[in-house]
Structure formats: C-alpha cells, structure tokens
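Following: one structure in structure tokens, then a few remarks.
The values are calculated or read from the model by the stated rules, or taken from the named source; none is laboratory data. Predicted, not measured: the structure shown is a model, and the values here were computed from it. Quick reminder, even Gly has a Cβ in these numbers, built from the backbone with ideal geometry, and neighbours come from all protein chains shown.
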Amino acid sequence: MRSKTPAYPYIVWMAIFIIIPVILVFYYAFTKTESGGMVFTLENFARAFEPIYLGVMWRSIRLAFFCTVICLVLGYPVAYIVAQRKTGTRDIILFLIIVPMWMNFLLRTYAWLTILEQNGIINSVLASAGLPKLNLLYNEGAVILGMVYNFLPFMILPIHTILKKTDLSLVEAAQDLGANGINVFLRVVFPLSVPGVISGITMVFMPAVTAFIISNLLGGKQVVLIGNLIEDQFLNVYNWHFGSALSVILMIIIVITIGIFSVAERDEGGAVL
Amino acid sequence: MNLAVFKRVLSAVLVLILSFAVSSCSGGKNELYVYNWGDYIDTEILTEFEAQTGIKVIYDTFDSNETMYTKLKPGSASYDIAVPSDYMFEKMKNEGMLEKINFDNIPNYKYIADRFKGMHFDTDNEYFVTYMWGTVGILYNTEMVTEPVDSWDILWDEKYAGQIFMYDSQRDALATSLKRLGFSLNTTDLNELTLAKMELIKQKPLVQAYLGDPVKDKMIGGEGAMAVVYSGDAMFSIGENESLAYAVPKEGTNIWMDGIVIPKGAKNKENAEKFINFLCDPAIAAKNTEYIGFSTPNSGALELIPEDMKNDPTYWPSEESLANCEMFFDLGSFIEEYDKAWTEVLAASN
Amino acid sequence: MAKRLIDLVNVTKKFNDVTVLHNISLYINKNEFLTLLGPSGCGKTTTLRIIAGFEYPTKGDLLFDGESILNLPPYKRRVNTVFQRYALFPHLNVADNIAFGLRIKKMRENVIKEKVEGMLKLVNLKGFEKRPVSSLSGGQQQRIAIARALVNEPEVLLLDEPLGALDLKLRKEMQIELKNMQQKLGITFVYVTHDQEEALTMSDTIAVMNNGVIGQIGAPEDIYNEPKNAFIADFIGESNIIEGIMREDYLAEFAGAKFKCVDAGFGQMSGVDVVIRPEDIKITNESEGQLKGTVLNTTFKGVHYEMLVQAAGFVWKIHSTKMSKPGENVGLFIGPDEIHIMKKDAKPEGEVLNEE
C-alpha cells in the first residue's frame with residue numbers, strides 16, 4: 001500500500017495531460033455538431049480518406065522520411081567523429097551542437113527566411129557572382145532543410161551516446177582478427193550502434209511527420225503537411241471534429257512507425273543484450 | 001485543441017488578475033479606460049482630450065480581435081471603450097457584451113457619412129460608431145508590375161508565377177476568387193463557391209506563398225510582385241517602400257470597418273460618450289486619419305485633410321471601384337463550406 | 001635448436017610521463033609456452049599489447065621472424081589474441097563469432113563452416129553454433145574466444161589473463177585444456193597472468209615482471225627453486241624472508257643464530273636476504289630445534305596445516321602435514337639445502353605483494 005501512494009500525483013498528471021486530451025480527441029473525431037448537439041458519425045474519417053487529404057498525409061510521410069534519411073547520413077558521421085574525441089573536446093563539440101537548441105525555435109527557423117529569400121543571403125551572393133537567382137523558399141526543399149536543421153541533434157545525440165559506450169576491446173578484437181578500419185566499422189561498430197540509430201530515427205521521424213510550424217514558415221502554406229491541416233482545423237476554420245479525426249490518423253501513423261522500429265530494435269537488441 | 005483550451009484558461013486567469021488591478025482604481029473617479037488596437041490613434045488626441053475635459057485616460061492596446069474578445073468576454077474587465085472590427089462587433093453584440101450608446105451625448109455623430117451608419121450588423125444604429133474603414137486589394141511593386149493593376153485577373157497571370165502572395169485566411173482568399181468570377185463574397189451557392197475554389201487551386205502554382213502578417217515585410221523587402229492585403233497594411237507598406245502601390249480591383253472587394261463601442265458594464269459611460277463625441281469632431285478625426293493612414297468615415301474630416309491624400313486611391317478608393325464592394329456577412333453554418341473549400345485549396349498539390 | 005620467433009629489443013613504453021616498461025628485452029621461441037607473470041601494474045599486459053600491435057613502444061624494436069613489425073597494424077600481424085574479458089561480439093552468434101576472421105579473409109562459406117565445426121569440436125562446444133553468446137557461461141565464452149582466435153591458425157596466440165574471470169575449478173580444468181591444446185597444435189603461446197600457480201602449471205618459460213622490468217626468466221622449476229631476489233621468491237610461492245648476514249661462505253647468521261647453508265661468494269660479513277619456503281621448515285621438539293618458539297595460529301589448508309610460529313622476534317610461516325596446537329612451545333629446524341641466500345640490493349620495494 002505504502003508504495004502506491006507516491007504514484008498518485010503521477011497518475012493525476014497522466015490523467016489531466018495525456019488521457020483526458022486523448023479521450024477528447026477521439027470524442028470529437030467520431031462526432032459532429034448537429035442542431036446544437038453532438039452526434040456520432042464516421043464522416044470525419046470518410047473525409048480524411050478523400051484523395052486530397054491522403055495526398056497531404058503521403059507528403060508528410062515522404063518529407064519526414066527524407067528528413068530522417070538526411071539526418072542519418074549527416075548525423076552518424078558527426079556522432080562517430082565526436083565519440084572518437086577525448087572527453088574535453090567531445091564535450092565542447094556536443095555543447096556546440098546543443099547550443100542552437102537553446103535558441104528559440106521560431107527565431108532559429110525565421111533566420112532561414114532571411115537566408116533563403118529571393119533577396120536573401122544566398123541569392124545576394126549568387127546575384128553578385130552574376131548567377132541567376134534560385135527559388136529556395138516556400139517549397140519542399142526549404143521545409144526539409146528546416147526540419148533537418150532543427151532535428152539533426154536528435155539524431156546525433158542518441159547515436160553518439162551509444163558509440164561513446166562502444167567497448168574498445170571489441171574494436172581491438174576485430175582488428176586482431178584481421179579487420180581493417182572499414183571492416184571494423186561495418187562488422188562491429190555499426191551493428192552495435194543500431195539501437196542508437198533506431199532511437200535517432202524515431203526521435204527525428206516523429207517531430208518531422210507532425211511538424212507544422214516549420215512548414216508554415218518555410219513552406220508558406222504551399223507545402224501543407226498533415227500538421228498544418230490539423231492546426232488550421234483548430235485555429236482557423238474551427239472544425240474540431242475533422243481536426244480530431246486527422247489527429248487520430250496521425251497518431252495511428254506514429255504508433256505504426258514506433259511499432260515497426262521497436263520490432264526492429266527487439267530483433268537487433270536480442271543479440272545486443 | 002488542448003492548446004486552445006489552455007489559452008482560454010490562461011487568458012481568463014490573466015483577465016482576472018488584470019481586472020483586479022483595474023477595478024481597484026476605477027471607482028467613480030473622473031477616468032476613462034480605453035482598449036484599442038496598437039498604434040491606432042494619434043496619442044496627442046488623448047492629451048488634448050484630457051486637457052479639455054479633465055478626464056484621465058487609461059489606454060491599453062491589443063493586437064487582434066480575438067485577444068480583445070477573450071479579455072472582455074468574462075465581463076469583469078472594466079473598459080469604457082473598445083474598438084472591434086465588423087464581424088467581431090456582430091459576435092459581441094449577439095452575445096450581449098455591449099452597451100447601447102446614448103447618441104444624444106454625441107452631437108458630432110452627424111459628421112459620420114450616412115453610408116457608414118445603419119450597417120447590416122447594427123441596423124438601428126445603437127451600438128457602433130464607425131472609427132475607420134478600408135478595403136482589401138492588391139499591393140504591388142511598380143518596379144516589377146508595369147501594366148495597370150485594376151483586376152483580380154492579374155493574380156492569375158502566369159507572367160507573375162512565383163511572385164504572388166495570397167492572404168492566408170479562408171474568407172479573404174475565397175472573396176478574391178468569388179469577386180473575380182463576379183459572385184458575391186457572401187455567396188451561399190455551393191456551385192459558385194466550388195468554382196471559386198477550383199480557380200484558387202488552378203492559381204496555386206503561381207503563388208509564392210499564402211501569408212498573413214509577414215506579407216508586409218515580404219512586399220517591403222521586394223520579395224514578390226504583388227500581394228492581397230488590407231488597405232491599412234498597404235498604407236503602412238507604401239510608407240516603408242515607395243515603389244509599392246495599392247489598387248482596388250474593378251470587380252469589387254471586401255470593405256471592412258472598425259467601430260467604437262462601449263462594453264457592457266462600463267463604469268464611465270458618460271465619459272466614454274464624451275470621448276466618442278470628441279473623436280467624431282471633424283478636426284480631431286482629420287488629425288487622427290492623417291496620423292494613422294486609414295480612411296475616415298467622417299465627412300467633416302474629409303473636407304479638412306490635404307488634397308493629395310484625399311485623391312490617393314489607396315486612402316480613398318474611387319466610387320466606381322467601391323461600387324461592387326461588399327462587407328462580410330455572418331454566413332451562419334454555411335461558413336463550414338468556406339472552411340472546407342479553403343482546406344482543399346491548401347491541401348491541393350501543386 | 002629452438003627458433004626465435006618474437007624478439008623484444010630494449011623496449012621502453014611511457015604513458016604520458018609514466019614509464020611502464022623500462023628497456024625490456026625478451027625473446028620467445030617457436031612452439032614455446034611463455035608466461036609473463038607479475039602483479040597488476042607490472043607492465044605484463046602492456047608488453048602483450050605491444051606484441052599484438054595495440055600499443056606502440058616509446059623506444060625499442062619488435063621483431064617477428066627477425067623482421068621488425070613495429071609499423072605493421074594489428075590486423076596485418078600473424079598473431080591473435082584472447083582477451084581478458086573475452087571481447088566476444090554481442091551482435092553475432094557463436095558460429096559467426098568464430099567465423100569473423102575467416103569472413104574477413106573472404107574464405108568460402110563451406111570452408112568456413114567446416115573450420116568452425118572443427119574448432120567447436122576442439123573446445124568441446126559442438127552444436128553451439130546458433131547460440132547467442134550472451135547465453136553462454138563464462139567458461140563457454142572463454143572457449144569461444146579461444147576458438148575464435150585459433151581458427152585463424154595464428155603463429156602466436158596471445159592470451160591476456162584468459163582465465164581470470166573463471167572460478168577455481170573451471171580455471172584448473174582450463175589450464176590443463178589450454179596446455180594440451182598448445183602441445184597438440186604446436187602454436188606459440190604468450191600468456192599473461194598474475195597467478196603464479198597458473199604460470200608454474202602451464203609454462204615452458206616464465207618471465208617474472210615487476211615495476212616495468214623483467215626480474216627473472218627461466219623454467220618454472222628454476223624460478224621456484226632459485227628465485228633471483230626476494231620479490232620473486234615472495235611472488236612465486238610463499239616465503240619467509242628475513243634479513244641476515246653472510247658470516248663466511250656456507251655460513252649464514254639470521255634470527256640470532258648461525259646456520260649452515262649451500263651458498264657462497266657473497267663475501268664475509270655482508271648483508272643478505274634469506275628466503276625459506278614454509279614447507280622447508282621442520283617443527284621439532286622444543287629442545288631439538290635450532291630456534292625456539294611458540295605457535296600463534298594454526299589453519300587447516302587441505303593437504304597441509306599452516307602454522308604461524310613466533311620465534312626470535314619473527315613470525316614464521318610453516319607448512320606441515322603434522323599439526324601443532326596454538327600455544328605449544330616448539331623448536332624449528334632448517335636444513336642447509338632449504339636456505340636461499342639473495343643479495344640484499346636486489347630486493348625490490350614491492351614487499352607487500354606476497355599474498356595472491
């Protein structure tokens with residue numbers, strides 16, 4: 001009995017901030033407002049599966065996928081290089097990676113506006129070199145750039161954490177058995193870092209697939225993601241029912257993704273642990 | 001959704017704290033609590049009013065109709081004057097948030113032009129004294145657009161692909177398309193709305209971005225050739241960048257109005273009416289409109305402002321261009337169709 | 001004539017400013033079982049890592065078959081290592097661990113399969129191919145680690161305290177197995193341990209190290225019977241070490257008495273260390289002993305009793321199959337052959353290291 005008491009605040013917390021909102025979302029998703037009352041309906045979901053909205057979902061998943069792949073390709077080498085450094089140097093590099101995250105998220109993303117604009121920094125440089133200007137803003141490229149910029153640390157940190165813990169004797173064992181640098185990496189270091197890679201992928205994919213502020217600022221509503229649709233339903237057009245249905249679908253997408261990755265992690269982790 | 005609820009709770013708490021602060025010092029003294037948009041009055045006018053009447057003005061500002069609404073809704077914030085836009089006025093009136101104005105105390109009301117009286121949302125002239133008005137039109141950069149701008153059609157001209165900014169709001173964006181097609185911007189005909197929606201989807205590849213407030217910075221910075229904006233924002237932008245110009249398309253547009261109202265339970269109603277009367281004084285109204293740059297409904301003031309300002313179509317659109325203009329009506333539940341149409345425009349791939 | 005396979009020539013190794021190896025020279029013959037024995041921190045593991053290629057000496061050279069391999073990376077050296085904590089790859093099963101080196105050499109899979117099976121047979125773990133290594137016991141992991149190294153048919157197998165993590169019984173079994181394996185395969189073993197018993201059991205040659213120098217190299221019997229200094233005497237087996245004086249050749253004085261001995265050449269009246277193994281002191285009647293004393297403590301050790309006897313201001317450690325009770329007054333007798341005289345200056349500071 002005694003051991004249960006300290007959990008109550010946490011349960012209350014869960015109820016207020018997790019369970020109740022989720023119940024409300026489901027409630028709104030399966031109802032519509034009719035003559036002042038709420039009526040059960042599946043209309044919201046039927047609408048969500050119209051081709052136009054499926055297109056938006058597909059775009060969200062596609063962009064989140066690209067963002068995740070790019071983060072992995074950029075983040076893994078960084079994590080690897082950092083993990084190789086001495087503790088002091090490592091802390092400084094990690095600090096530098098984390099510092100931008102202390103800056104306001106909007107401010108960081110706004111900064112990209114002034115870089116990518118038609119009269120922005122990049123185009124000014126191009127123009128002064130006599131080159132034609134590029135349309136860098138308000139397209140999918142800009143949105144992916146913004147996502148990668150904001151979420152890259154979430155890829156680097158978990159991979160770094162696991163690489164840092166890599167048992168040096170395993171690396172030596174591999175060398176001893178004839179593995180050169182590439183073989184050591186491919187056959188030992190990388191396979192052992194897979195759990196970090198998986199948690200990095202999860203931590204980048206989740207915010208990327210739900211992003212709406214980045215796509216608002218850098219996509220200018222030209223690159224509308226499922227997050228923007230939801231935001232619009234709640235804050236502009238006040239259709240909470242449709243917005244909730246979209247939220248439920250997004251939740252399902254996320255649960256499926258987590259499921260796939262945790263299965264992958266378990267398969268991998270069985271051998272690791 | 002939880003964010004919205006949270007925001008509401010938070011603002012309710014803030015309002016409570018604020019109303020304590022306000023009410024504790026407002027009992028029966030010769031004071032006036034004014035709640036207006038930021039940068040929406042010539043502050044010298046307040047000083048003059050205080051000097052002339054001995055009434056002390058306490059002046060607060062807001063940045064959106066919704067902020068003001070949230071603050072006044074609980075009924076505990078003791079403001080004597082507020083300045084909502086037309087659609088928000090309608091909402092507040094319907095929710096019983098306003099006091100009737102005693103127009104006997106406002107002799108200067110006679111200077112307000114008749115066309116700004118008895119609006120559809122205040123047909124009996126009981127609550128609303130028009131403060132400023134304006135249009136929605138096209139702000140364009142004369143260095144990039146050399147042809148005359150007089151029609152919404154130019155926003156569909158492929159020459160300007162990637163140079164066009166549309167307004168990120170369902171009523172305003174659809175109004176543009178509806179007026180271009182010759183329909184009412186308050187249409188409740190689903191076919192008309194669908195046509196307007198399809199035109200917006202067709203236009204999407206030409207649009208650089210759908211923006212709200214940031215469009216001013218974009219146009220000032222020369223990031224695009226044209227943008228759909230409110231006339232007040234146009235005046236501001238032109239002030240910052242002289243190569244910008246504003247046009248009201250001949251097919252007509254939306255006319256908007258901000259009005260002075262007295263919130264329910266105002267403690268200094270007589271002072272409020274004195275203040276409204278003061279603002280309706282032609283000299284004061286002229287000074288104010290010159291300072292802010294928005295169009296005044298005060299015909300007496302219009303006589304007093306400089307000729308070049310009066311002839312500037314941005315400030316004062318020609319009668320022909322206003323002929324086809326409409327104000328937004330509350331569409332009741334049909335607004336959902338607008339919402340849906342707009343969502344589909346945004347969701348469409350380009 | 002034995003062929004010299006590995007030569008360490010005047011090797012010095014410093015980590016930052018700490019010198020862990022002082023100018024070490026050592027050679028290892030082909031097919032030899034050489035053990036580097038010493039307390040922790042003596043430099044034995046560093047020596048092994050230099051041979052494996054994981055450390056680069058600060059000074060000196062390393063020859064393999066007469067050629068310097070100092071600049072050869074570990075993966076090109078014809079040596080394999082069995083690591084202290086096995087260092088098995090946790091993401092691979094037993095067969096894949098063993099096949100690791102063969103796959104890198106890009107051997108055909110059917111050859112690999114055959115060799116892996118052969119190795120598992122050798123280490124008595126047939127049928128364990130598909131097991132994850134985490135499911136194995138310490139002893140089984142140890143065998144896999146050995147199999148993983150041996151399958152590459154190295155000329156030299158380096159073993160870094162390979163049995164350190166096993167319990168006593170298993171350790172004894174593995175000692176014998178390893179020795180048999182070495183003899184069967186004809187591979188040179190370089191074995192690192194701090195366990196003197198292990199070293200004595202398995203080795204052809206022992207190099208005793210302390211504080212970064214090699215104190216003595218020789219066959220186990222020689223090292224045990226003729227330790228070169230008090231430290232080695234103390235480290236190899238248990239010893240009573242006391243200060244004494246060489247009166248003249250074949251006569252030593254210690255513990256207030258004169259003893260005949262078999263050592264000579266120390267000069268007259270020179271200070272020496274006298275080493276006497278506990279099993280070499282005989283307990284007699286009080287009247288018959290060269291020294292008289294009292295038993296302080298008696299412990300049963302299995303094959304013998306260990307008695308601590310206070311005599312002539314010194315506590316003697318004595319092993320005997322006959323028990324004397326604590327409090328009993330006894331005589332101690334030490335024969336001339338049992339007394340080992342060592343030069344005093346050879347005595348290192350590491351006196352505390354006698355208990356293993």
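Out of A:Tyr80, A:Tyr53, I need the residue that is assigned to a helix (DSSP H, G or I), of a type in the set (Phe, Trp, Tyr) and within 14 Å of chain B (Cβ to nearest Cβ). Which one?
The match here is A:Tyr53.
Is it the case that some residue within the range C:251-262 is charged (D, E, K, R), modelled with pLDDT under 90, in contact with a helix residue (DSSP H, G or I) (Cβ under 8 Å, 6 or more places away or on another chain) and assigned by TED's automatic domain parsing to the domain that holds C:Gly335?
Looking through the range C:251-262, at least one residue is charged (D, E, K, R), modelled with pLDDT under 90, in contact with a helix residue (DSSP H, G or I) (Cβ under 8 Å, 6 or more places away or on another chain) and assigned by TED's automatic domain parsing to the domain that holds C:Gly335.
Could you list all residues from the range A:206-219 that are touching a residue at least 24 places away in the same chain (Cβ under 8 Å) and under 12 Å from the mean Cα position of the chain (by Cα)?
Result: A:Met206, A:Pro207, A:Ala208, A:Val209, A:Thr210, A:Ala211, A:Ile214.
Can you find a residue that is at the interface with another protein chain (Cβ under 10 Å from one of its Cβ atoms) and at negative phi anywhere in the range A:146-154?
no
Report yes if A:Gln222 is more than 27 Å from A:Glu43 (Cβ to Cβ), at the interface with chain B (Cβ under 10 Å from one of its Cβ atoms) and either modelled with pLDDT of 95 or more or over 16 Å from the mean Cα position of the chain (by Cα) (or both), otherwise no.
Details: more than 27 Å from A:Glu43 (Cβ to Cβ): yes; at the interface with chain B (Cβ under 10 Å from one of its Cβ atoms): yes; either modelled with pLDDT of 95 or more or over 16 Å from the mean Cα position of the chain (by Cα) (or both): yes.
Yes.
For residues that are more than 15 Å from B:Met144 (Cβ to Cβ) and either surrounded by fewer than 19 Cβ atoms within 10 Å (Cβ to Cβ) or within 12 Å of chain A (Cβ to nearest Cβ) (or both), tally how many sit in the range B:216-235.
1
Output the number of the condition that B:Tyr291 fails; it satisfies all remaining conditions of (1) under 30 Å from B:Ile154 (Cα atoms); (2) at pLDDT below 90; (3) not polar (S, T, N, Q).
(1)
Going residue by residue through the range A:164-176, is there one that turns out to be touching a residue at least 40 places away in the same chain (Cβ under 8 Å) and more than 14 Å from chain C (Cβ to nearest Cβ)?
Initial filter on the range A:164-176 (touching a residue at least 40 places away in the same chain (Cβ under 8 Å)): A:164, A:166.
Filter once more, so that each one left must be more than 14 Å from chain C (Cβ to nearest Cβ): A:164.
Yes, because at least one residue in the range A:164-176 is touching a residue at least 40 places away in the same chain (Cβ under 8 Å) and more than 14 Å from chain C (Cβ to nearest Cβ).
Restricting to the range C:313-340, and then to whatever is at pLDDT 85 or above and among the aliphatic types (A, V, I, L, M), can you tell me which residue is surrounded by the fewest Cβ atoms within 10 Å (Cβ to Cβ)?
C:Val315
Is it true that some residue in the range A:129-137 is in a loop (DSSP other than H, G, I, E, B), surrounded by 14 or more Cβ atoms within 10 Å (Cβ to Cβ) and in contact (Cβ under 8 Å) with a residue 24 or more places away in the chain?
yes
Pick out the one residue from B:Pro84, B:Pro107 that is under 9 Å from B:Gly259 (Cβ atoms) and touching a helix residue (DSSP H, G or I) at 6+ places or on another chain (Cβ under 7 Å).
Every option except B:Pro84 fails the conditions.
For the range C:263-291, enumerate the residues that are in contact with a Lys or Arg (Cβ under 8 Å, 6 or more places away or on another chain), in contact (Cβ under 8 Å) with a residue 24 or more places away in the chain and surrounded by fewer than 13 Cβ atoms within 10 Å (Cβ to Cβ).
C:Met269, C:Gly271
Tell me which of these C:Gln196 doesn't satisfy, since it passes every other one: (1) modelled with pLDDT of 90 or more; (2) crowded, with 21+ Cβ neighbours inside 10 Å.
(1)
Report yes if A:Met206 is away from chain C (no Cβ under 14 Å), closer than 30 Å to A:Leu106 by Cα and buried (at least 20 other Cβ atoms within 10 Å of the Cβ), otherwise no.
When the stated conditions are applied, A:Met206 does not pass them.
Where residues in the range A:32-48 are more than 13 Å from every other protein chain (Cβ to nearest Cβ) and surrounded by 11 or more Cβ atoms within 10 Å (Cβ to Cβ), which of them is nearest to the chain's Cα centre (by Cα)?
The qualifying residue nearest to the chain's Cα centre (by Cα) is A:Phe45.
Looking only at the range C:21-40, count how many residues are in a strand (DSSP E or B) and either at pLDDT below 90 or touching a helix residue (DSSP H, G or I) at 6+ places or on another chain (Cβ under 9 Å) (or both).
8
When you go through B:Ala341, B:Ala272, B:Ala266 one by one, which is the residue that is of a type in the set (A, V, I, L, M, F, W, C), within 14 Å of another protein chain (Cβ to nearest Cβ), surrounded by 18 or more Cβ atoms within 10 Å (Cβ to Cβ) and over 19 Å from the mean Cα position of the chain (by Cα)?
Testing whether each residue is of a type in the set (A, V, I, L, M, F, W, C), within 14 Å of another protein chain (Cβ to nearest Cβ), surrounded by 18 or more Cβ atoms within 10 Å (Cβ to Cβ) and over 19 Å from the mean Cα position of the chain (by Cα) leaves just B:Ala341.
Residue check, A:Asn228 against (1) touching a helix residue (DSSP H, G or I) at 6+ places or on another chain (Cβ under 7 Å); (2) under 30 Å from B:Gln163 (Cα atoms); (3) surrounded by fewer than 20 Cβ atoms within 10 Å (Cβ to Cβ), all met but one. Which one?
(3)
Is there a residue being in contact with a strand residue (DSSP E or B) (Cβ under 6 Å, 6 or more places away or on another chain) and away from chain A (no Cβ under 14 Å) anywhere in the range C:164-182?
For the range C:164-182, residues in contact with a strand residue (DSSP E or B) (Cβ under 6 Å, 6 or more places away or on another chain) and away from chain A (no Cβ under 14 Å): present.
Looking at C:Pro73 and the list (1) touching a residue at least 40 places away in the same chain (Cβ under 8 Å); (2) within 9 Å of chain A (Cβ to nearest Cβ), which single condition is not satisfied?
Looking at each condition in turn, C:Pro73 falls short on (1).
Determine which member of the set B:Thr176, B:Thr194, B:Thr188 is buried (at least 19 other Cβ atoms within 10 Å of the Cβ), away from every other protein chain (no Cβ under 12 Å) and among the β-branched types (Val, Ile, Thr).
Criteria check complete, one pass: B:Thr176.
Report yes if A:Leu116 is touching a residue at least 12 places away in the same chain (Cβ under 8 Å) and crowded, with 21+ Cβ neighbours inside 10 Å, otherwise no.
yes
Can you say whether B:Ile260 is of a type in the set (A, V, I, L, M), under 30 Å from B:Tyr79 (Cα atoms) and at pLDDT 90 or above, as far as the supplied structure shows?
yes
Confirm whether C:Thr188 is at pLDDT 90 or above and within 14 Å of C:Ile223 (Cβ to Cβ).
no
Against the definition (in a helix (DSSP H, G or I), among the small types (Gly, Ala, Ser) and under 23 Å from C:Val82 (Cα atoms)), how does A:Ala264 come out, yes or no?
No, not satisfied.
Just a yes or no: is a residue in the range B:328-337 within 14 Å of another protein chain (Cβ to nearest Cβ), in contact with a helix residue (DSSP H, G or I) (Cβ under 6 Å, 6 or more places away or on another chain) and assigned to a loop (DSSP other than H, G, I, E, B)?
Yes, the range B:328-337 contains at least one residue that is within 14 Å of another protein chain (Cβ to nearest Cβ), in contact with a helix residue (DSSP H, G or I) (Cβ under 6 Å, 6 or more places away or on another chain) and assigned to a loop (DSSP other than H, G, I, E, B).
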